[in-house]
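To start, the structure under review is shown below, and the notes come after it.
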Amino acid sequence: MKSFFLAASVVTPLLIYMIIGGLVRKLNLVSETSFKQLNEMTFKMIIPFALFFDIYESDLASVIIPDLFLFTAGLILLMFFAAIFLVTRFVKDKSDASTLIQGIYRSNFVLFGGAIAGSLCSDEGVAIVAALCAVVVPMFNILAVILFESMRGGSVSKIQLLLRIFKNPLVDAGLLGAVFSLLKIPLPELLASPLKTLGSISTPLALLVLGGLLSFRSMVSHRRYLTAAILGRLVVIPLIALTAAVLLGCRNDSLVAILAVFGSPTAVASVPMAQSMGGNGALAGEIVVTNSLFCILTIFLFVFGMSSLGLI
């Protein structure tokens, strides 16, 4: 029973925030255009504030765990190439294939990972998840650029990759937080307090906005792809990642960090990436919607299972 309530405590807030966002949209309190603007503001400003302070206030020497970071990076690469190998054998349309591959390997780690860590981890564990962003976010972006360019027959320049990395506010916030932490640069309380408060609303605001943006239009024609994305992103990948992590001795905060990276639903950022780089934008949006809903169930089951086995 304790494991059940622990799992419920993780997913219930996620569900409530998303439901409230859906109600706000249903009652026309906020328009779809305004939700999109709020979403952009959240990911370009509010979440970076939270990420900066999570890293800035942490002891980096204790949260940077080389083995965990290398394991995460290696597994992301493995899942990426496995998704390419499998999807391209069954999906011949390159636009659909690239979109489905991205939907399987690229998780909404920053948003859902932060929420999962906040519910299950110590302060040190939250800092570990925040520090992992410095590895995971650039990798997701680089792999997405390589994926879409290669699928449409283009090439990727090193300058283009670097620009995409450093134009990402999450990457910038993580690096800046690390620099300020390592150099022990003090922030005036008058500045730090309001910015930290803004960062503290990042998870509920982002989930509320996500709930307001969910739409179920035109999903029937893509049901096979959506089923593959749900099973791949929410079941197969986290099951493989968690099993491997447990066999390697990961427990507690480190294991929660693995769940945060590999058990989160498809990243919202995958939609504009697909739209701008020759993918199927409609399919990308549908993958985000279905994954965001079904992850409530899968995250609950993974947390319940790990708690029951005494792993967290």
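Read-outs: derived from the displayed coordinates by stated rules, not from any lab. As the structure is a prediction and not an experimental result, all values here were calculated from the model. For neighbour counting, all protein chains shown are included, and Cβ atoms are generated from backbone atoms with ideal geometry for every residue, glycine included.
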Would you mind pulling out the separation of the Cα centroids of segment 67-137 and segment 19-66, in Å? 18
Candidates per trypsin sites (Lys or Arg not before Pro) in segment 191-232, loop by DSSP, up to 11 other Cβ within 10 Å: Arg217
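Below 8 Å between Cα atoms, with a sequence gap of 6+, how large is the relative contact order for segment 2-306 in percent?
Numbers: 393 pairs, mean separation 110.9, N = 305.
Relative contact order, segment 2-306: 36 percent.
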Using mean Cβ contacts within 10 Å as the protection proxy, how do 31-42, 54-65, 180-191 order, highest first? 54-65, 31-42, 180-191
Residues Leu195, Leu143, Leu163, Leu207 in order from fewest to most other beta-carbon atoms within 10 Å are Leu163, Leu195, Leu143, Leu207
Where in the chain are the helices, taken as whole DSSP H runs, whose Cα atoms extend 27 angstrom or more along the long axis and whose Kyte-Doolittle mean reaches at least 1.0? 2-26, 66-90, 123-151, 281-308
Across all Cα atoms of segment 68-169, Rg and the largest Cα-Cα distance (Dmax), in Å, are 15.2, 46
List the equivalent ellipsoid semi-axes of the chain in whole Å, largest first, each obtained as the square root of 5λ for an eigenvalue λ of the Cα gyration tensor. 27, 22, 22
Taking segment 2-306, the lysine pairs whose C-alpha atoms sit under 17 Å apart (8 or more places apart or on different chains) add up to 5
Convex hull volume per residue for segment 1-152, taking Cα atoms only, in Å³: 169
Residues with amide H under 5 Å from that of Ser107, placed H, sequence gap 5 or more: Ala267
